[in-house]
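Input: a single structure, listed below in C-alpha coordinates.
The values are calculated or read from the model by the stated rules, or taken from the named source; none is laboratory data. As the structure is a prediction and not an experimental result, all values here were calculated from the model. Cβ atoms come from the backbone with ideal geometry, glycine included; neighbour counts cover every protein chain shown. Quick note on the areas: whole protein, heavy atoms, side chains included, nothing else; ligands and nucleic acids left out. Shrake-Rupley method; radii C 1.70, N 1.55, O 1.52, S 1.80 Å.
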Amino acid sequence: MLRAYLDNNASTPVRPEVVAAMLPFLHEGYGNASSVHQRGQAARAALEQARAHVAALIGARPAEVVFTSGGTEADNLAIWGVLADLPPGHVMTTAIEHHAVLFPFQELEKRGWTVTWLPVNAQGCIDPDDVRRALKPTTALVSVMMANNETGVIQPVAEVGKITRAAGVKLHVDAVQAAGKIPIAVEDLGCELLSLSGHKLHGPQGVGALYVRRGTALRPMLFGGRHERERRAGTENIPGIVGLGEASRLATAERVTSGERLAALRDHVESAILEAVPHAAVVGAGARTPNTTNICFADVDGEALVISLDLQGFCVSAGAACSSGAVDASHVLLAMGLSPARARSCLRFSLGKQNSTEEVAALLEVLPGLVARLRELSPSWSH
Ligand code: PLP
(Lines give C-alpha, C1' and ligand atoms only; values in the text may rest on other atoms or scores of the structure.)
Protein backbone atom coordinates (compact mmCIF):
# COMPACT_ATOMS: atom_id res chain seq x y z
CA MET A 1 0.00 0.00 0.00
CA LEU A 2 1.40 3.39 -1.03
CA ARG A 3 1.09 5.90 1.81
CA ALA A 4 3.20 8.69 0.32
CA TYR A 5 5.28 9.09 -2.81
CA LEU A 6 8.06 11.49 -1.79
CA ASP A 7 10.46 10.90 -4.68
CA ASN A 8 9.28 13.54 -7.14
CA ASN A 9 12.81 14.48 -8.23
CA ALA A 10 13.04 10.97 -9.69
CA SER A 11 9.69 11.20 -11.46
CA THR A 12 6.34 12.87 -10.83
CA PRO A 13 2.81 11.53 -11.27
CA VAL A 14 1.29 12.77 -14.53
CA ARG A 15 -1.42 15.33 -13.77
CA PRO A 16 -4.96 14.32 -14.76
CA GLU A 17 -5.25 17.45 -16.93
CA VAL A 18 -2.11 16.36 -18.76
CA VAL A 19 -3.47 12.84 -19.31
CA ALA A 20 -6.70 14.38 -20.64
CA ALA A 21 -4.76 16.59 -23.07
CA MET A 22 -2.70 13.61 -24.31
CA LEU A 23 -5.49 11.06 -24.75
CA PRO A 24 -6.96 12.40 -28.03
CA PHE A 25 -3.51 11.98 -29.59
CA LEU A 26 -3.45 8.31 -28.64
CA HIS A 27 -6.91 7.85 -30.21
CA GLU A 28 -8.03 9.76 -33.29
CA GLY A 29 -5.11 12.21 -33.28
CA TYR A 30 -2.57 9.69 -34.58
CA GLY A 31 -1.51 11.73 -37.63
CA ASN A 32 2.12 12.29 -38.52
CA ALA A 33 2.93 15.98 -38.08
CA SER A 34 4.82 15.90 -41.42
CA SER A 35 1.78 14.72 -43.39
CA VAL A 36 -0.09 17.23 -45.55
CA HIS A 37 -3.60 15.86 -44.86
CA GLN A 38 -5.99 16.89 -42.08
CA ARG A 39 -4.82 14.35 -39.54
CA GLY A 40 -1.23 15.41 -40.09
CA GLN A 41 -2.03 19.09 -39.87
CA ALA A 42 -3.98 18.58 -36.63
CA ALA A 43 -0.91 16.89 -35.15
CA ARG A 44 1.28 19.73 -36.44
CA ALA A 45 -1.00 22.33 -34.83
CA ALA A 46 -0.84 20.50 -31.48
CA LEU A 47 2.95 20.26 -31.78
CA GLU A 48 3.30 23.99 -32.35
CA GLN A 49 0.91 24.84 -29.54
CA ALA A 50 2.95 22.68 -27.16
CA ARG A 51 6.12 24.39 -28.37
CA ALA A 52 4.60 27.78 -27.49
CA HIS A 53 3.71 26.54 -23.98
CA VAL A 54 7.23 25.23 -23.33
CA ALA A 55 8.73 28.46 -24.70
CA ALA A 56 6.52 30.50 -22.36
CA LEU A 57 7.71 28.48 -19.35
CA ILE A 58 11.30 29.58 -19.92
CA GLY A 59 10.85 32.95 -21.63
CA ALA A 60 12.01 31.73 -25.04
CA ARG A 61 10.69 32.07 -28.59
CA PRO A 62 8.83 28.96 -29.80
CA ALA A 63 11.30 28.48 -32.67
CA GLU A 64 14.09 28.13 -30.10
CA VAL A 65 12.52 24.98 -28.56
CA VAL A 66 13.63 21.55 -29.84
CA PHE A 67 11.72 18.52 -28.57
CA THR A 68 13.76 15.50 -27.48
CA SER A 69 13.21 12.13 -25.81
CA GLY A 70 13.92 13.61 -22.37
CA GLY A 71 16.42 15.47 -20.25
CA THR A 72 19.27 13.09 -21.02
CA GLU A 73 18.94 13.58 -24.76
CA ALA A 74 18.57 17.34 -24.36
CA ASP A 75 21.80 17.47 -22.32
CA ASN A 76 23.64 15.29 -24.83
CA LEU A 77 22.34 17.27 -27.80
CA ALA A 78 23.54 20.49 -26.20
CA ILE A 79 27.01 19.13 -25.47
CA TRP A 80 27.69 17.12 -28.64
CA GLY A 81 25.77 19.58 -30.78
CA VAL A 82 28.19 22.36 -29.84
CA LEU A 83 31.39 20.32 -29.72
CA ALA A 84 31.02 17.64 -32.42
CA ASP A 85 32.86 19.53 -35.14
CA LEU A 86 35.57 21.09 -32.97
CA PRO A 87 39.08 19.81 -32.32
CA PRO A 88 39.60 18.92 -28.63
CA GLY A 89 40.03 22.05 -26.51
CA HIS A 90 38.77 23.09 -23.08
CA VAL A 91 35.33 22.70 -21.49
CA MET A 92 33.96 23.31 -18.01
CA THR A 93 31.23 21.83 -15.85
CA THR A 94 30.50 21.28 -12.17
CA ALA A 95 31.34 18.34 -9.95
CA ILE A 96 27.66 17.96 -9.03
CA GLU A 97 26.00 17.53 -12.42
CA HIS A 98 23.53 14.77 -13.14
CA HIS A 99 25.03 11.79 -14.96
CA ALA A 100 23.38 13.05 -18.16
CA VAL A 101 26.01 15.83 -18.18
CA LEU A 102 28.73 14.21 -16.05
CA PHE A 103 29.15 11.15 -18.29
CA PRO A 104 29.33 13.07 -21.61
CA PHE A 105 32.05 15.27 -20.04
CA GLN A 106 33.92 12.15 -18.88
CA GLU A 107 33.62 10.87 -22.45
CA LEU A 108 35.01 14.19 -23.73
CA GLU A 109 37.99 13.74 -21.43
CA LYS A 110 38.62 10.31 -22.97
CA ARG A 111 38.49 11.95 -26.41
CA GLY A 112 41.25 14.43 -25.54
CA TRP A 113 39.32 17.43 -24.19
CA THR A 114 40.56 19.17 -21.06
CA VAL A 115 37.73 19.39 -18.51
CA THR A 116 37.61 21.79 -15.56
CA TRP A 117 35.39 20.27 -12.87
CA LEU A 118 34.11 23.24 -10.85
CA PRO A 119 34.04 22.49 -7.11
CA VAL A 120 31.17 23.33 -4.75
CA ASN A 121 31.27 24.62 -1.18
CA ALA A 122 29.85 22.75 1.82
CA GLN A 123 26.41 24.15 0.97
CA GLY A 124 26.55 22.58 -2.49
CA CYS A 125 27.03 25.76 -4.50
CA ILE A 126 29.64 26.73 -7.09
CA ASP A 127 31.51 30.04 -7.04
CA PRO A 128 31.10 31.99 -10.33
CA ASP A 129 34.58 33.42 -9.86
CA ASP A 130 35.93 29.90 -10.36
CA VAL A 131 34.38 30.00 -13.84
CA ARG A 132 36.09 33.31 -14.58
CA ARG A 133 39.44 32.00 -13.34
CA ALA A 134 39.25 28.73 -15.31
CA LEU A 135 38.33 30.26 -18.68
CA LYS A 136 40.91 29.69 -21.41
CA PRO A 137 41.15 30.95 -25.00
CA THR A 138 40.21 27.41 -26.08
CA THR A 139 37.11 27.10 -23.83
CA ALA A 140 34.28 25.93 -26.09
CA LEU A 141 31.46 25.24 -23.62
CA VAL A 142 30.48 25.75 -19.99
CA SER A 143 27.67 23.59 -18.55
CA VAL A 144 26.17 24.42 -15.15
CA MET A 145 22.98 22.93 -13.74
CA MET A 146 20.33 25.31 -12.47
CA ALA A 147 19.21 23.21 -9.49
CA ASN A 148 20.72 20.04 -8.15
CA ASN A 149 18.61 16.89 -8.21
CA GLU A 150 19.88 15.56 -4.87
CA THR A 151 19.92 18.67 -2.71
CA GLY A 152 17.74 21.14 -4.62
CA VAL A 153 20.51 23.76 -4.25
CA ILE A 154 20.14 26.50 -6.89
CA GLN A 155 23.32 27.50 -8.69
CA PRO A 156 24.24 31.13 -9.55
CA VAL A 157 23.66 30.55 -13.25
CA ALA A 158 22.87 34.16 -14.18
CA GLU A 159 26.23 35.26 -12.75
CA VAL A 160 27.97 32.52 -14.73
CA GLY A 161 26.04 33.71 -17.79
CA LYS A 162 27.45 37.22 -17.43
CA ILE A 163 30.96 35.79 -17.38
CA THR A 164 30.49 33.43 -20.34
CA ARG A 165 28.74 36.16 -22.34
CA ALA A 166 31.59 38.58 -21.79
CA ALA A 167 34.07 35.89 -22.85
CA GLY A 168 32.04 34.81 -25.90
CA VAL A 169 31.78 31.23 -24.58
CA LYS A 170 28.59 29.16 -24.93
CA LEU A 171 26.69 28.27 -21.75
CA HIS A 172 24.46 25.22 -21.34
CA VAL A 173 22.11 25.00 -18.35
CA ASP A 174 20.58 21.71 -17.20
CA ALA A 175 17.30 23.05 -15.83
CA VAL A 176 15.61 19.64 -15.55
CA GLN A 177 15.09 20.04 -11.78
CA ALA A 178 14.30 23.75 -11.98
CA ALA A 179 11.68 23.95 -14.72
CA GLY A 180 8.22 24.44 -13.27
CA LYS A 181 9.62 24.91 -9.74
CA ILE A 182 11.47 28.23 -9.94
CA PRO A 183 11.21 31.08 -12.47
CA ILE A 184 13.34 30.68 -15.59
CA ALA A 185 14.02 33.45 -18.08
CA VAL A 186 16.64 32.39 -20.60
CA GLU A 187 17.39 36.02 -21.41
CA ASP A 188 18.32 36.75 -17.77
CA LEU A 189 20.40 33.57 -17.50
CA GLY A 190 22.47 34.50 -20.53
CA CYS A 191 22.62 30.90 -21.71
CA GLU A 192 22.66 29.60 -25.26
CA LEU A 193 21.23 26.20 -24.37
CA LEU A 194 18.89 24.93 -21.63
CA SER A 195 17.48 21.44 -21.01
CA LEU A 196 14.22 20.38 -19.41
CA SER A 197 12.26 17.14 -19.01
CA GLY A 198 8.54 16.30 -18.95
CA HIS A 199 8.43 13.79 -16.12
CA LYS A 200 9.90 16.16 -13.53
CA LEU A 201 7.02 18.61 -13.85
CA HIS A 202 4.00 16.29 -13.79
CA GLY A 203 4.25 15.56 -17.50
CA PRO A 204 5.00 12.20 -19.13
CA GLN A 205 8.30 10.31 -19.19
CA GLY A 206 10.34 10.06 -22.39
CA VAL A 207 9.87 13.62 -23.58
CA GLY A 208 11.93 16.75 -23.00
CA ALA A 209 13.13 19.87 -24.70
CA LEU A 210 16.30 21.76 -25.46
CA TYR A 211 16.23 25.53 -25.76
CA VAL A 212 18.67 26.67 -28.45
CA ARG A 213 19.15 30.41 -28.60
CA ARG A 214 18.49 31.86 -32.03
CA GLY A 215 21.70 31.95 -34.03
CA THR A 216 23.45 29.22 -31.99
CA ALA A 217 25.08 26.70 -34.32
CA LEU A 218 24.08 23.19 -33.28
CA ARG A 219 25.01 20.00 -35.08
CA PRO A 220 22.27 17.37 -34.83
CA MET A 221 22.97 13.99 -33.22
CA LEU A 222 20.21 12.23 -35.17
CA PHE A 223 19.89 12.36 -38.95
CA GLY A 224 16.90 11.11 -40.89
CA GLY A 225 14.54 13.97 -41.67
CA ARG A 226 13.96 17.69 -41.51
CA HIS A 227 12.07 17.59 -38.22
CA GLU A 228 12.61 20.22 -35.53
CA ARG A 229 14.26 22.62 -38.00
CA GLU A 230 16.86 19.99 -38.79
CA ARG A 231 18.10 19.90 -35.21
CA ARG A 232 16.54 16.54 -34.20
CA ALA A 233 15.34 14.03 -36.78
CA GLY A 234 12.53 11.53 -36.17
CA THR A 235 8.72 11.56 -36.19
CA GLU A 236 7.65 13.68 -33.27
CA ASN A 237 6.20 12.00 -30.16
CA ILE A 238 2.95 13.99 -30.38
CA PRO A 239 1.16 12.55 -27.30
CA GLY A 240 4.27 13.06 -25.19
CA ILE A 241 4.95 16.54 -26.55
CA VAL A 242 1.33 17.58 -26.00
CA GLY A 243 1.68 16.29 -22.42
CA LEU A 244 4.87 18.29 -21.87
CA GLY A 245 3.15 21.34 -23.37
CA GLU A 246 0.14 21.05 -21.06
CA ALA A 247 2.34 20.40 -18.02
CA SER A 248 4.38 23.50 -18.94
CA ARG A 249 1.24 25.61 -19.41
CA LEU A 250 -0.09 24.57 -16.00
CA ALA A 251 3.30 25.04 -14.35
CA THR A 252 3.56 28.57 -15.75
CA ALA A 253 0.06 29.45 -14.56
CA GLU A 254 0.43 27.94 -11.09
CA ARG A 255 4.11 28.26 -10.29
CA VAL A 256 3.86 30.98 -7.65
CA THR A 257 1.00 29.43 -5.63
CA SER A 258 2.26 25.91 -6.10
CA GLY A 259 5.83 26.94 -5.18
CA GLU A 260 4.70 28.65 -1.99
CA ARG A 261 2.63 25.65 -0.92
CA LEU A 262 5.45 23.21 -1.67
CA ALA A 263 8.03 25.32 0.15
CA ALA A 264 5.80 25.47 3.23
CA LEU A 265 5.26 21.69 3.14
CA ARG A 266 8.96 21.04 2.58
CA ASP A 267 9.93 23.35 5.46
CA HIS A 268 7.38 21.55 7.62
CA VAL A 269 8.62 18.04 6.79
CA GLU A 270 12.22 19.16 7.26
CA SER A 271 11.75 20.77 10.66
CA ALA A 272 9.47 17.96 11.85
CA ILE A 273 12.11 15.34 10.97
CA LEU A 274 14.89 17.33 12.64
CA GLU A 275 12.75 17.61 15.76
CA ALA A 276 11.64 13.95 15.87
CA VAL A 277 14.92 12.27 14.93
CA PRO A 278 18.09 12.93 16.94
CA HIS A 279 21.37 13.43 15.07
CA ALA A 280 19.72 14.37 11.80
CA ALA A 281 20.96 17.31 9.72
CA VAL A 282 19.98 19.01 6.48
CA VAL A 283 22.49 18.75 3.65
CA GLY A 284 22.65 21.72 1.27
CA ALA A 285 21.76 25.24 2.30
CA GLY A 286 20.99 28.60 0.73
CA ALA A 287 18.51 28.94 -2.10
CA ARG A 288 16.88 25.60 -2.89
CA THR A 289 14.03 24.40 -5.08
CA PRO A 290 10.84 24.54 -3.00
CA ASN A 291 10.20 20.79 -3.08
CA THR A 292 13.50 19.22 -2.01
CA THR A 293 15.26 18.43 1.24
CA ASN A 294 18.19 16.10 1.76
CA ILE A 295 18.71 14.87 5.31
CA CYS A 296 21.65 13.01 6.78
CA PHE A 297 20.78 10.47 9.51
CA ALA A 298 24.10 9.82 11.26
CA ASP A 299 25.11 6.14 11.40
CA VAL A 300 22.15 4.93 9.36
CA ASP A 301 22.58 2.99 6.13
CA GLY A 302 20.59 5.15 3.69
CA GLU A 303 19.69 2.28 1.36
CA ALA A 304 18.44 0.20 4.31
CA LEU A 305 16.29 3.15 5.42
CA VAL A 306 14.89 3.52 1.88
CA ILE A 307 13.89 -0.15 1.92
CA SER A 308 12.45 0.03 5.45
CA LEU A 309 10.37 3.07 4.45
CA ASP A 310 9.28 1.34 1.25
CA LEU A 311 7.98 -1.61 3.28
CA GLN A 312 5.88 0.90 5.23
CA GLY A 313 4.52 2.47 2.02
CA PHE A 314 6.80 5.49 1.62
CA CYS A 315 8.85 6.14 -1.54
CA VAL A 316 12.01 8.18 -1.03
CA SER A 317 15.55 7.82 -2.34
CA ALA A 318 19.13 7.78 -1.13
CA GLY A 319 21.34 9.78 -3.47
CA ALA A 320 20.31 10.13 -7.11
CA ALA A 321 17.58 7.74 -8.21
CA CYS A 322 19.61 6.44 -11.09
CA SER A 323 22.49 5.47 -8.77
CA SER A 324 20.23 3.69 -6.28
CA GLY A 325 21.35 0.12 -5.89
CA ALA A 326 24.94 1.07 -6.66
CA VAL A 327 27.31 0.93 -3.72
CA ASP A 328 29.11 4.17 -4.57
CA ALA A 329 28.34 7.15 -2.36
CA SER A 330 26.75 10.07 -4.20
CA HIS A 331 29.29 12.16 -6.13
CA VAL A 332 27.23 15.25 -5.26
CA LEU A 333 27.47 14.72 -1.51
CA LEU A 334 31.16 13.77 -1.72
CA ALA A 335 31.82 16.98 -3.69
CA MET A 336 30.20 18.90 -0.82
CA GLY A 337 32.82 17.45 1.51
CA LEU A 338 30.78 14.74 3.21
CA SER A 339 32.67 11.58 4.16
CA PRO A 340 31.60 8.46 2.21
CA ALA A 341 29.96 7.13 5.40
CA ARG A 342 27.92 10.30 5.92
CA ALA A 343 27.04 10.47 2.23
CA ARG A 344 25.62 6.95 2.49
CA SER A 345 23.45 8.07 5.42
CA CYS A 346 21.51 10.70 3.49
CA LEU A 347 17.96 10.53 2.24
CA ARG A 348 16.28 12.79 -0.29
CA PHE A 349 12.67 13.75 0.27
CA SER A 350 11.26 15.46 -2.84
CA LEU A 351 7.67 16.64 -2.87
CA GLY A 352 5.17 17.07 -5.66
CA LYS A 353 1.81 18.74 -6.21
CA GLN A 354 -0.04 15.65 -4.94
CA ASN A 355 1.61 15.53 -1.49
CA SER A 356 -0.32 16.57 1.61
CA THR A 357 0.31 17.38 5.28
CA GLU A 358 -1.48 14.12 6.15
CA GLU A 359 1.16 12.18 4.23
CA VAL A 360 3.91 14.02 6.08
CA ALA A 361 2.23 13.20 9.39
CA ALA A 362 2.07 9.52 8.41
CA LEU A 363 5.78 9.57 7.53
CA LEU A 364 6.62 11.03 10.91
CA GLU A 365 4.76 8.23 12.67
CA VAL A 366 7.19 5.65 11.33
CA LEU A 367 10.47 7.41 10.52
CA PRO A 368 11.91 7.93 14.05
CA GLY A 369 11.35 4.26 14.96
CA LEU A 370 12.93 2.99 11.74
CA VAL A 371 15.98 5.20 12.19
CA ALA A 372 16.38 4.05 15.82
CA ARG A 373 16.14 0.37 14.80
CA LEU A 374 18.73 0.73 12.03
CA ARG A 375 21.06 2.57 14.38
CA GLU A 376 20.89 -0.32 16.83
CA LEU A 377 22.22 -2.51 14.01
CA SER A 378 24.99 -0.07 13.12
CA PRO A 379 28.46 -0.92 14.49
CA SER A 380 29.42 2.76 14.55
CA TRP A 381 26.37 3.94 16.52
CA SER A 382 27.53 4.89 20.03
CA HIS A 383 25.14 7.58 21.25
N1 PLP B 1 19.32 16.32 -15.42
C2 PLP B 1 18.89 16.31 -14.16
C3 PLP B 1 19.33 17.38 -13.23
C4 PLP B 1 18.05 15.29 -13.71
O5 PLP B 1 17.63 15.28 -12.44
C6 PLP B 1 17.66 14.28 -14.63
C7 PLP B 1 16.81 13.16 -14.17
O8 PLP B 1 16.83 12.78 -13.01
C9 PLP B 1 18.11 14.36 -15.95
C10 PLP B 1 18.94 15.40 -16.31
C11 PLP B 1 17.72 13.35 -16.96
O12 PLP B 1 16.41 13.56 -17.44
P13 PLP B 1 15.57 12.37 -18.08
O14 PLP B 1 15.20 11.44 -16.96
O15 PLP B 1 14.38 13.03 -18.69
O16 PLP B 1 16.43 11.71 -19.10
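Sort CYS315, CYS191 from largest to smallest accessible area, using a 1.4 Å probe on the heavy atoms of the protein chains.
On the way: CYS315 35, CYS191 0 Å².
So, going from the largest accessible area down, we get CYS315, CYS191.
Label-point separation (nm) for GLU187 and VAL366, each offset 7 Å from Cα along Cα-to-Cβ?
4.9
Helix 38-58 versus the longest principal axis of the chain: what angle, 0 to 90°, nearest 10, using Cα atoms?
Taking the Cα atoms of the chain, the angle to 38-58 is about 50 degrees.
Among LYS162/LYS353; LYS110/LYS136; LYS136/LYS170, which pairs are too far apart, with a Cα-Cα distance over 23 Å? Don't skip to the end; give the middle numbers.
Numbers: LYS162/LYS353 34 Å; LYS110/LYS136 20 Å; LYS136/LYS170 13 Å.
Beyond 23 Å: LYS162/LYS353.
Going highest first, how would you order 54-61, 194-201 by mean Cβ packing within 10 Å?
Values: 54-61: 21.1, 194-201: 29.0.
Top to bottom by mean Cβ count within 10 Å: 194-201, 54-61.
Would you mind getting the accessible area per residue of the chain, heavy atoms of the protein chains only, 1.4 Å probe, in Å²?
Numbers: 15790 Å² over 383 residues.
Computed with neighbouring chains in place, this is 41 Å² per residue.
How would you order 98-104, 146-152, 82-88 from highest to lowest mean count of nearby Cβ atoms within 10 Å?
Numbers: 98-104: 19.9, 146-152: 27.4, 82-88: 14.0.
Highest to lowest by the protection proxy: 146-152, 98-104, 82-88.
Using heavy-atom solvent-accessible surface (probe 1.4 Å) with all chains present, what is the largest-first order of TYR30, TYR211?
Values: TYR30 150, TYR211 5 Å².
Final ranking, largest accessible area leading: TYR30, TYR211.
Using 1/(1 + (r/R0)^6) with R0 = 35 angstrom and r between the beta carbons of THR357 and TRP381, what's the FRET efficiency to the nearest 0.05? Provide the component values of the computation, followed by the final result.
Numbers: r = 31 Å, r/R0 = 0.89.
Once the sixth-power term is evaluated, E becomes 0.65.
Return the sequence-ordered ³J(HN,Hα) values of the range 355-363 in whole Hz as given by the Karplus equation 6.51 cos²θ - 1.76 cosθ + 1.60 applied to θ = phi - 60°, using x for Gly and Pro.
Once rounded to whole Hz, the list reads 6, 10, 5, 4, 5, 5, 4, 5, 4.
Note the angle between two axes, namely the Cα long axis of helix 302-311 and the longest principal axis of the Cα atoms of the chain, as a number of degrees from 0 to 90, rounded to the nearest 10.
Tilt of helix 302-311: around 90 degrees.
For the range 87-174, which trypsin sites (Lys or Arg not before Pro) pass both filters: DSSP loop (anything but H, G, I, E, B) and at most 12 other C-beta atoms within 10 Å? Show your work: numbers first, answer last.
On the way: sites: LYS110, ARG111, ARG132, ARG133, LYS162, ARG165, LYS170; in loops: ARG111.
Here the trypsin sites (Lys or Arg not before Pro) that fit, given the DSSP loop and packing criteria, are ARG111.
Just to make sure I understand: if all protein chains stay in place, what is the order of LEU305, LEU222 by accessible area at 1.4 Å, largest first?
Details: LEU305 0, LEU222 75 Å².
Accessible-area ranking of LEU305, LEU222, largest first: LEU222, LEU305.
Tell me, what is the FRET efficiency for THR216 and ALA264 to the nearest 0.05, using R0 = 45 angstrom and their Cβ-Cβ distance as r? Can you show the working numbers first?
On the way: r = 39 Å, r/R0 = 0.86.
The formula returns an efficiency of 0.70 here.
Taking square-rooted eigenvalues a ≥ b ≥ c of the alpha carbon gyration tensor, is the range 171-242 rounded, prolate or oblate, where a/c under 1.5 means rounded and, failing that, a/b exceeding b/c means prolate? List each step's numbers first, then the result.
On the way: a/c = 2.59, a/b = 1.15, b/c = 2.25.
It comes out oblate by the Cα gyration axes.
Using a Förster radius of 30 Å, what is the FRET efficiency between ARG61 and VAL256 based on their Cβ-Cβ separation? Nearest 0.05, please.
According to the calculation, E is roughly 0.80.
How much length would be gained if the chain were fully extended between ASN121 and ASP328, taking 0.36 nm per residue of separation minus their Cα-Cα distance, in nm to one decimal?
Numbers: separation 207, 0.36 × 207 = 74.52 nm, distance 2.08 nm.
Answer, rounded to one decimal: 72.4 nm.
Gain in length, LYS162 to ARG111, computed as 0.36 nm per residue apart minus the alpha-carbon separation, to one decimal in nm? Could the numbers behind the result be given before it?
Details: separation 51, 0.36 × 51 = 18.36 nm, distance 2.90 nm.
Stretched out fully, the LYS162 to ARG111 stretch lengthens by 15.5 nm.
Any chance you could run the full-extension gain for ALA20 through GLN312? It's 0.36 nm times the residue separation minus the Cα-Cα distance, nm to one decimal.
Values: separation 292, 0.36 × 292 = 105.12 nm, distance 3.18 nm.
The ALA20-GLN312 span can extend by a further 101.9 nm.
In percent, how large is the relative contact order of the chain, given Cα pairs closer than 8 Å and 6 or more residues apart?
Values: 775 pairs, mean separation 88.7, N = 383.
It comes to 23 percent, rounded to a whole number.
Nearest 10 degrees, 0 to 90: what angle lies between the long axis of helix 238-276 and the longest principal axis of the chain (Cα atoms)?
20
Please report, in cubic angstrom per residue, the volume enclosed by the convex hull of the alpha-carbon atoms of the chain.
134
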